[in-house]
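Following: one structure in structure tokens, then a few remarks.
The values are calculated or read from the model by the stated rules, or taken from the named source; none is laboratory data. Source: prediction; values computed, not measured. A quick note on method: Cβ atoms are made from the backbone with ideal geometry, for glycine too, and the neighbour counts reach across all protein chains shown. SASA here: full protein model, heavy atoms, side chains in, ligands and nucleic acids out. Shrake-Rupley method; radii C 1.70, N 1.55, O 1.52, S 1.80 Å.
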Amino acid sequence: MLNSHYRCVGVGCGPSNLSIAALLHGQSAVTNIFFDMKPEFSWHEGMMLPDTSLQVSMFKDLVTLADPTSRFSYVSYLHQHGRLLPFLNARFEQIPRLEFADYLKWVASANENIHFGEKVEQVDFNGSHFVVETSRRRVTSENIVVGVGISPLVPSFARANLNADSHFHIHEFAKRPQRFGGRRVLVVGGGQSGAEAVLDLLRRTGQEEPSEVIWLSRRENFYPIDDSPFANDLFTPTHSNYFYDQSPEFRQDFLKRNVLASDGISEHTLREIYQRIYVMRYIEHSPMRVRLMPFRDAQAVMRAGDAWVLKSQHLGNHAIEEFSADVVVWATGFRSTDYSFMRPLQAKFEREEGEIRIDRDYAAVWDGPSDRNIFMLNASRRQRGLPEPNLSLTAWRSQIVIDKMLGRPRRPESSDDAFVNWAASSFAEESVPV
Ligand SMILES: Cc1cc2nc3c(=O)[nH]c(=O)nc-3n(C[C@H](O)[C@H](O)[C@H](O)COP(=O)(O)OP(=O)(O)OC[C@H]3O[C@@H](n4cnc5c(N)ncnc54)[C@H](O)[C@@H]3O)c2cc1C
């Protein structure tokens, strides 16, 4: 039977909250329920293209960094499905994203505390508990864990003209593949998603083959992600804690300087694009026209008969160019969500750099009682750094949140997970005795 009061209510159930739900599963100390508005679990299904890979290690799954013995680990998933040895023999450099999506779905389906098809419409506070209204029920809770992800971002000048057939954000790319056949397709955005869309278009044949692919990026070249060991040292608890302790100005500059540690293109995707163009041009003599256009800033898009005309400025000599296309795909990233379901609480939160300010344990800093918390997951890149929107530290973050809900003392911060001494050493440690 379902309760009406919980110690933890989760809003949204993508990987961030799925991790919390998995780590809480089977223990009674934190009664919990999670709601997701989707009819069933899916992970970015509009961008789930064949032959794409996860950009992090399989050990950065929902649980392993917090509890390597959990039955919800990726290894456990492979074992349960009878494919652990074939998986090892396949020796993937990076695991297929479609398989990871299936793993996430498996974790969600094994947890009776997760409810799909149920949108959280409002969260309020009645002086002692949070009151959560969903599309189906009303419950109260001592803690809320917000894991609603991020929203598609399209430049403001393009928003009014969006449509499902010929002018849309990349998160809808995989739907209705037939809309590209015989058409000129313009992809805007030089990150991993834009690269995957371009590669997918170049691989299409027959009825689904575009007549032209144009790839436009603001960056000066199509840059690879920095996946080197010292870049990965930025995705450790040590660095995230160090980052949290810095000034807002330092943090913003840091994120700009290190953007390619999280937002570049996988090298194998770049190589596949280059090789595909080679094969098309010199071996297949494909009629498809391919135009690669980096260092251009898209500035306007307008309808011209049945086509779109995109106006851009070259960032070298500032020349204005125009590109004509039948389909325009915006691979221009995501922005934070507006959290409109928390409207009654908005005035109670402190803010920092446009984000809800969080404490060290990911709890929103607010003017309510200190034993009533709203945890913000994947909502504080400007406070917690590069790993926040991706999977790298998901399980570690979940453990911090669970510890706080249980009233456990904060675990001592160790710097053993990073090789680099990110923080300044104390004077006493470095000084030479006289
Ligand atoms: C195509 C793609 C590939 C990626 N690949 C990687 C990768 O390889 N490695 C990596 O580290 N990161 C990757 N990422 C980053 C990715 O954002 C995270 O991995 C992850 O999806 C973030 O999880 P989340 O739970 O915070 O948000 P989401 O996955 O967006 O989930 C949020 C959930 O909240 C639900 N929701 C929203 N509002 C409400 C409401 N009011 N009521 C109920 N439910 C609600 C939504 O339905 C959704 O299910 C990728 C992202 C994309 C788009």
- Would the range 359-366 turn up any residue that is within 13 Å of the ligand (Cβ to nearest atom) and not assigned by TED's automatic domain parsing to the domain that holds Val213? yes
- Message: Just to be sure I understand, how many residues within the range 30-53 are modelled with pLDDT of 95 or more and touching a strand residue (DSSP E or B) at 6+ places or on another chain (Cβ under 8 Å)?
- Response: 12
- Tally the residues that are open to solvent by less than 20 Å² (accessible area, probe 1.4 Å), within 12 Å of the ligand (Cβ to nearest atom), in a loop (DSSP other than H, G, I, E, B) and closer than 27 Å to Arg83 by Cβ, restricting the search to the range 94-119. 1
- Just a yes or no: is a residue in the range 60-72 within 14 Å of the ligand (Cβ to nearest atom), of a type in the set (Val, Ile, Thr) and touching a strand residue (DSSP E or B) at 6+ places or on another chain (Cβ under 6 Å)? no
- Message: All but one of (1) out of contact with any Pro (no Cβ under 7 Å at 6 or more places or on another chain); (2) not in a strand (DSSP E or B) hold for Phe375; state the number of the condition that does not hold.
- Response: (2)
- Message: Would you confirm whether or not the range 337-345 contains a residue that is within 27 Å of Pro412 (Cα to Cα) and either of a type in the set (Phe, Trp, Tyr) or touching a residue at least 60 places away in the same chain (Cβ under 8 Å) (or both)?
- Response: no
- When restricted to Leu310, Leu345, the only residue in a strand (DSSP E or B) and open to solvent by less than 30 Å² (accessible area, probe 1.4 Å) is Leu310
- In the range 120-133, is there at least one residue being open to solvent by less than 10 Å² (accessible area, probe 1.4 Å), near the ligand (Cβ under 10 Å from one of its atoms) and assigned to a loop (DSSP other than H, G, I, E, B)? no
- Would you mention how many residues in the range 19-52 are outside any loop (DSSP other than H, G, I, E, B), crowded, with 18+ Cβ neighbours inside 10 Å and more than 7 Å from the ligand (Cβ to nearest atom)? 9
- Item | First in the range 286-302 and outside the structural domain of Pro210 (by TED's automatic domain parsing) and modelled with pLDDT of 95 or more, second anywhere and among the basic types (Lys, Arg) and part of a strand (DSSP E or B), Cβ under 6 Å, 6 or more apart | none
- Search result, residues across the range 134-153 that are away from the ligand (no atom under 16 Å from the Cβ) and open to solvent by less than 20 Å² (accessible area, probe 1.4 Å): Asn143
- Message: Which count do you get for residues in the range 154-165 that are within 16 Å of the ligand (Cβ to nearest atom) and either surrounded by fewer than 18 Cβ atoms within 10 Å (Cβ to Cβ) or hydroxyl-bearing (Ser, Thr, Tyr) (or both)?
- Response: 0
